[in-house]
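Just so you know, all these numbers are worked out from the coordinates, no wet-lab data involved. Values in this document were obtained by computation on a predicted structure and should not be read as measured data. Cβ sites come from the backbone with ideal geometry, for glycine too, and all protein chains shown count toward neighbours.
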Amino acid sequence: MSKVLYVHAKGGPPLGHALTRVAARSAVHLLALSELPPAVAAETGRLCASVVVPDAGQRGDLVDLIAQRAGEVGADAVVTFSEYAVVAVAEASRRLGLPGAGESAALARDKRLMRGVWERHGIPQPRFRAVGSAGDLRRAAGELSFPLLLKAAWSAGSTAHQIIRSVAELDSSWERSRAVMADSARLGYAELHVAGAGADFIVEEIVTGCAEEWFDGSGWGDYVSVEGVVVDGVFRPVCLSGRMPTVAPFTERAGITPAALEADAQERVVELARRAVETLGLENCGTHTEIKLGSGGRMWVIETAARFGGAMTVPQIEEVFGLDLVGMFTDQLLGRPVAWPVGALRPEDAEGAAGSLVVLAVGGDGEPWERRHVWDSPTVVRSAPLSGGSRLSVVSESSLPDGATVPVYDPAAGANTMAALCLLSADDPQTVVHDFGALVDALPELLPAAEGAVV
C-alpha cells in the first residue's frame, strides 16, 4: 500500500476533512508541526499509521525534519495543505526525488518575489514596493500614491494588513504590523521554514474594485479566487469562488462557491489566473489565485498560492461540484491517473451552492459590535435567519468552544481575531450571499452578552 507523509500546520482546509480523504487513498503518517485540533485529535489514531509531534528541541531545520521522517516511513509522497509549510514540504520533496511544487514554491509564498516575477512578465497588479524597514517604507511612500496598503510578505488571512492614508501614519503602521506578525508567530500563524520572514513586507497602491459591473445580484465583494491545480507544470483551473465585501482593512468575511459570474467574464478571469500561475514555474501543487475586479473589465492579480484555498473552500467544492480535491491531488502525487476538469467549472455545473463565513465582531455596516458576546454555536445554528432550504453548520475545529468570549476585532490582526467558522448550503450562490448578510446582522442579537459586555 502507498504511504503518504502528511505535514500538518495551521491554515488550509480543516484537518479532519483533509486527513480522512488522504487516508482513503493511502496509509498516512502524520507529522504535526501545530497542535492538533481537539475535535480531530481523537481520530488520528484510527486514521493514521503513525503520529509524530516534534517538540521545539527536535525541530532543527524543517526540511531536514520532513525529509528524515519521510525516509523513516518510506513515504511515496509528502503533502501539506498549510500555507506556512508549503515551501519546506516542496524542498523536502525535491530532496527525496518526490513530486511536489518544485524549486519555485517560494515564488508563490513570498509576495515580494511573486510580484517581482509578475512585474517582469507584464501581469496586471497594483503598483508595489518591497520594504524591510521603516526607512524603506518612507522611501516607497515617496514613489507610490496614497492610500497605500502595507502587508506582510509571508502572511495569510489578511494578517498585518494596514491602510496608510498619509505620511504621518507611516512609522506607526510599520511598528504595528511588525508587532502583529510577532503575535501571529506566537499563535502558530507564521512561516515555519524561512527565518526572519516576519520582517518582510510589501506596500502597494490600493486599486478600486467594482463588483456591481461583474455580478447581477447585490452583496458580492469586488474580487474572486480561481481554484486550481498544477499538473506536471500545466495549470488546470477547477472553478471560481466569490466573496462578500471584506472587513476593513481587507479581512475576508465569507467565501462562496461558485462565483456567480457570466461565462465570458469567468473565461477572462481564468485566463489571467493562468498567466499569473504559469509565470511562476510551479510543478505539482494546488493553487489559489485572487483577482480584483474593476470597472470597465479591468482586473489585477493580488496573489496566488501553491496550495488549495483555506477555510472551507475545498469542502465547498466537493459539496457543489462533487470533486474531492484532496483525494485527487493525493492520487496525482502517487502517480495515479486523475480526471481533472477540462476547464473551469461554471455555476450551471454546480449542484446548489455553499459558503463559509468567518465570524468577526463586526456588523454588516463595518462597525465593531457595541457589546461583547459569548460564542454559542447551538443558538446560531438553531436561530439563524435563513432562506427556505438553506442549511447552516459550525466547523468546530475552526471555532472557539461554546461559552468563549468573542474577541474584539483588531483590523491589523485580521483573521487572528475570528471567533468561529460557519458553513452554509443553499440553492444558489445569491442565496448564500443573502443569508450570510442576514446572519452577520443578526449575530449580536443571537449571541448571549458577555460579562463586562461593553467594548
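Taking N as the number of residues in the stretch 300-367, what value does Rg over Cα atoms divided by 2.2 N^0.38 Å take?
Here the answer is 1.42, to two decimals.
Which far-off residues, 5 or more places away or on another chain, put their amide H under 5 Å from the one on V238, with H placed in the peptide plane?
Residues meeting the amide H criterion: E227, G228, V229.
Length gain on complete extension for the stretch D365 to E175, per 0.36 nm per residue less the alpha carbon to alpha carbon distance?
Result for the pair: 65.6 nm of gain on full extension.
Whole-Hz ³J(HN,Hα) for each residue in the stretch 115-131, computed from phi via Karplus 6.51 cos²θ - 1.76 cosθ + 1.60 with θ = phi - 60°, x for glycine and proline: what do you get?
Per-residue couplings from phi come out as 5, x, 4, 5, 4, 5, 9, x, 6, x, 7, x, 5, 8, 9, 7, 9 Hz.
Evaluate the distance, in nm, between pseudo-label points positioned 7 Å from the Cα of A182 and of H121 along their respective Cα→Cβ axes.
About 3.7 nm separates the two model spin labels.
What residues qualify as long-range amide H neighbours of H373, i.e. H under 5 Å apart, gap of 5 or more or another chain, H built at 1.01 Å from N?
Close amide H contacts, sequence-distant or interchain: V406, A450.
Give me the distance in nm between label points sitting 7 Å out from Cα along the Cα-to-Cβ direction at R165 and A438, one decimal.
With each label placed 7 Å out from Cα toward Cβ, I get 3.5 nm.
At 222 nm, what helix-only mean residue ellipticity would the chain give, in deg cm²/dmol to the nearest 500, using -39500 (n - 2.57) for each DSSP H run of four or more?
After summing the helix terms and dividing by the residues of the chain, the value is -9500 deg cm²/dmol.
Considering all alpha-carbon pairs of the stretch 352-455, what whole percent are spaced by more than 16 angstrom?
55
Between the stretch 406-421 and the stretch 91-164, how far is it from one alpha carbon centroid to the other, in angstrom?
Answer, in whole Å: 23.
Using mean Cβ contacts within 10 Å as the protection proxy, how do 391-399, 18-26, 116-124, 425-433 order, highest first?
Output ranking for 391-399, 18-26, 116-124, 425-433: 425-433, 18-26, 391-399, 116-124.
Just need the Rg to Rh number for the stretch 208-351, please, alpha carbons only, Kirkwood Rh.
My calculation of the ratio gives 0.95.
If amide H atoms are built 1.01 Å from N in the plane of the peptide, which residues on other chains or at least 5 residues away come under 5 Å of the amide H of A260?
none
Can you work out the Karplus-derived ³J(HN,Hα) for every residue in the stretch 37-51? Use 6.51 cos²θ - 1.76 cosθ + 1.60 with θ = phi - 60°, whole Hz, and x for glycine or proline.
Karplus values, whole Hz, x for Gly and Pro: x, x, 5, 10, 3, 5, 8, 5, x, 6, 8, 10, 6, 7, 9.
Given charges of +1 on the Cβ of Lys and Arg and -1 on the Cβ of Asp and Glu, with all other atoms neutral, how large is the dipole of the chain about its Cα centre, in debye to the nearest 20?
Rounded to the nearest 20 debye, it is 1060 debye.
I'd like the Kirkwood hydrodynamic radius of the stretch 16-130, using the inverse of the mean 1/r over distinct C-alpha pairs, in Å.
This gives a value of 16.0 Å.
Does the stretch 127-205 classify as rounded, prolate or oblate by the C-alpha gyration tensor (a ≥ b ≥ c root eigenvalues; a/c under 1.5 gives rounded; else a/b over b/c gives prolate, otherwise oblate)?
prolate
Quick one: which of 107-113, 69-75, 231-237 comes out on top by average Cβ neighbours within 10 Å, and what's the full order, highest first?
Going by the mean number of other Cβ atoms within 10 Å, highest first, we get 107-113, 69-75, 231-237.
Apply the Karplus parameterisation 6.51 cos²θ - 1.76 cosθ + 1.60, with θ equal to phi minus 60°, to every residue of the stretch 282-296 and state each ³J(HN,Hα) to the nearest whole Hz, in sequence, with x for glycine and proline.
6, 10, 9, 5, x, 9, 9, 10, 9, 10, 7, 10, x, 6, x
What lysines sit close enough to K111 to cross-link, taking a C-alpha to C-alpha distance under 20 Å and skipping anything fewer than 8 places away on the same chain?
K10, K151, K292
Using alpha carbons only, how many angstrom separate the centre of the stretch 271-299 from the centre of the stretch 336-388?
First find each Cα centre; the distance between them is then 24 Å.
Where the centroid of each part is defined by its Cα atoms, how far is the stretch 30-78 from the stretch 425-444 in Å?
Using only Cα atoms, the two centres lie 38 Å from each other.
Can you tell me the Rg and Dmax of the chain, counting just the alpha carbons, in angstroms?
Spelled out, the Cα radius of gyration and Dmax of the chain are 21.0, 62 Å.
Give the Debye-formula value of log10 I(q)/I(0) at each listed q (0.33 Å⁻¹), with one equal scatterer per alpha carbon of the stretch 94-137, two decimals each.
Per q value, in the given order, log10 I(q)/I(0) is -1.14.
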